[in-house]
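As structure tokens, the structure follows; a few thoughts come after it.
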Amino acid sequence: FILFDKNYNIVACGLTERESGNYNIILFKINSHGQLQWIRELETQENEGVSGIAIDDENSIYIVGATFTDSNNWDYLIIKYDSLGNFCWQKTFGGTGYDYARSITIDEFNNVYITGVMDFSYFTNVGTYKLNKNGEVVWFRNHYENNSLANQGEKIIYDKRGNIFITGSVDFSISGSDILTIKYDTSGNFYWSKIYSTIDYNEWGKIIGIDSSGNVLVSGYNYNPATGEDWVLLKYDQNGRTLFQRRYGRPNTDDETKSIAIDENNNFYVTGFINSYFVINKFNTTGQTIWERMINGGYGNKIVYYHNYLYATGSNNDILTIKCDKNGNEIWRISGNVGFFSEGNDIIIRENEIYVIGTGNQDILIIKYQETSGLQEKKKIKEKLKFFDILGRKIKLKEKFKTLLSLLYRS
């Protein structure tokens, strides 16, 4: 996970494996020149998991995930550090079994909202908390669909209209898992929940976004044992009315969405994979396909829309990063062979600087690229640059880039 703070420092978070075999949360901040400002590790005797990070207006950092407890269960975990890396507080919440915080969002008043799955003996519910910046619980909501066996929150988002939206899944056993979408306001008042279901299939909601009209976009996937997985794309208005719902993919293949981005006209873009191809698709406001771009092999993990361009990162056995315009024309792609399997997991853009965080050989890898003048004249460029990672291994690049930093953090 990677974010900019308000001063354009880079904050990244992940997991590190200890000699005991346990995984601990690791957090670090670097400046735009790649200089490490500080690094922090949550050192415990138990396993931790991390699901996301968020930064408030004071540049304080919040990490959400789960911790393994003495009673052999998992509990929600949320940790706060200040901008200098000083530990502020840590909170855990749990039911009676498996409790895992999956997602975090922050409003403009620096209130924090987290959601995930909470186990209450016989059933799992969508457990959502609002905390103030001091870590005090403002409210807790426990969502359970009648006659269901399992409910899970996967992603949460705040829409700056005073609303909180959650997507995830609900399992009624007979029909399998269905996509669940929930709306609250910031006071914790429940407005509606919507379920997308297809008979005898399983569906899961994975990604949620808000367009400029306040409509809610949900993406996930459907699984049919006979035909494989397909994308599921849903859109609701503020009142929960369904604007469209559709499935997308190829017959008898596994197809999943990983990330969505929305432009100023409320068109949206999806990356993920279709039949083991890295794909980027554009859809209009009614869910109709405008274009599809498929890249040989691999998968996309994250896509962002920035100043009329799309940037996506993922893997084709190496970290692969691609830039397209809104019409689907590829501007450039860059892939570095560093001698081991690697993937890009997240990407952020600042002006002409591109930051990618990923993994390589189970280490955390951050790469910063800078686009130079003439980059869009891709076909005319013959210059071949030499690029080395910090271990001295040569990476072949065929695009006109300045690679400003490549950092590999190894615990």
Relative contact order of the stretch 1-131, defined on C-alpha pairs under 8 angstrom at six or more residues apart (%): 15
The chain: relative contact order in percent, alpha carbon pairs under 8 Å with at least 6 residues between: 7
Residues 69, 198 arranged by fewest to most Cβ contacts within 10 Å: 69, 198
Over 30 Å between alpha carbons, listed pairs 194/368; 6/91; 130/282; 133/235: 194/368; 130/282; 133/235
Global geometry of the stretch 262-358, whether rounded, prolate or oblate, following the gyration tensor of its Cα atoms and the 1.5 cut on a/c: oblate
Cβ crowding within 10 Å averaged over residues, with 215-221, 283-289, 257-263 ranked highest first: 215-221, 257-263, 283-289
Proxy reagent accessibility, fewest Cβ within 10 Å first, across 192, 74, 204: 192, 204, 74
Cα gyration tensor shape for the stretch 1-131, rounded if a/c is under 1.5, else prolate or oblate: oblate
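Rounded if a/c is under 1.5, else prolate if a/b beats b/c, else oblate: with a ≥ b ≥ c from the C-alpha gyration tensor eigenvalues square-rooted, which is the chain? Don't skip to the answer; put the middle values down first.
On the way: a/c = 1.63, a/b = 1.20, b/c = 1.36.
Judged from the Cα gyration tensor, the chain comes out oblate (a/c at least 1.5, b/c at or above a/b).
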Farthest positive-ward along the chain dipole, Cα basis, beta-carbon charges - from 162, 89, 290: 290
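Each reported figure results from applying straightforward, stated rules to the coordinates on display, with no laboratory input. Just so it is clear, the model here is predicted, and its values are computed rather than measured. Positions of Cβ are generated from backbone atoms using ideal geometry, with glycine treated the same way; all protein chains shown enter the neighbour counts.
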